[in-house]
Ligand SMILES: [Zn+2]
């Protein structure tokens with residue numbers, strides 16, 4: 001995700017924290033920045049669940065599990081802005097035609113709106129293998145050990 005989009009999302013987050021609601025301006029910024037993807041991401045708020053993957057002992061790695069209404073599972077990493085979906089693989093990584101996918105925008109919006117479900121805990125030692133399984137098709141991720 002580019003710096004400008006990050007800044008817009010931060011601004012929306014700030015507005016939401018202050019007013020506890022998304023204003024027309026917030027929606028406008030979201031659509032202006034992400035186009036159709038904004039609508040798709042907002043639709044996911046209605047149809048999908050999202051949970052943070054936490055490790056024991058804790059690590060700062062921000063991994064989220066998204067399950068869509070049709071039971072499809074996607075993992076996204078907030079810090080690295082990566083997703084498992086085909087759109088991300090082809091349109092974002094390969095063609096560089098889009099800056100991100102709807103799952104990443106959904107993840108960010110769910111965090112802003114406080115709609116992330118209770119965390120799923122895995123062992124820290126399993127994290128590297130977990131990430132490898134999840135993202136090996138898109139990219140190899142460096143794993144930071146605490
Ligand atoms: Zn995706």
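The values are calculated or read from the model by the stated rules, or taken from the named source; none is laboratory data. Because the structure is a prediction, the values reported are computed rather than measured. For neighbour counting, all protein chains shown are included, and Cβ atoms are generated from backbone atoms with ideal geometry for every residue, glycine included.
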Being more than 11 Å from the ligand (Cβ to nearest atom) and either out of contact with any helix residue (DSSP H, G or I) (no Cβ under 9 Å at 6 or more places or on another chain) or part of a loop (DSSP other than H, G, I, E, B) (or both) is the filter here; which residues of region 56-72 pass it? 57, 58, 59, 60, 61, 62, 65, 67, 69, 70, 71
When you go through (1) surrounded by 13 or more Cβ atoms within 10 Å (Cβ to Cβ); (2) over 28 Å from residue 125 (Cβ atoms); (3) at pLDDT below 95 one by one for residue 13, which number turns out not to apply? (3)
It is to be established whether one or more residues within region 29-48 are surrounded by 13 or more Cβ atoms within 10 Å (Cβ to Cβ) and in a loop (DSSP other than H, G, I, E, B). yes
Do we have residue 56 as exposed (fewer than 15 other Cβ atoms within 10 Å of the Cβ) and touching a residue at least 60 places away in the same chain (Cβ under 8 Å) here? yes
Residue that is farthest from the ligand (Cβ to nearest atom), among those in region 88-106 that are within 17 Å of residue 39 (Cβ to Cβ) and crowded, with 17+ Cβ neighbours inside 10 Å: 99
Residues within region 73-106 that are under 8 Å from the mean Cα position of the chain (by Cα), in a loop (DSSP other than H, G, I, E, B) and touching a residue at least 40 places away in the same chain (Cβ under 8 Å), tallied: 1
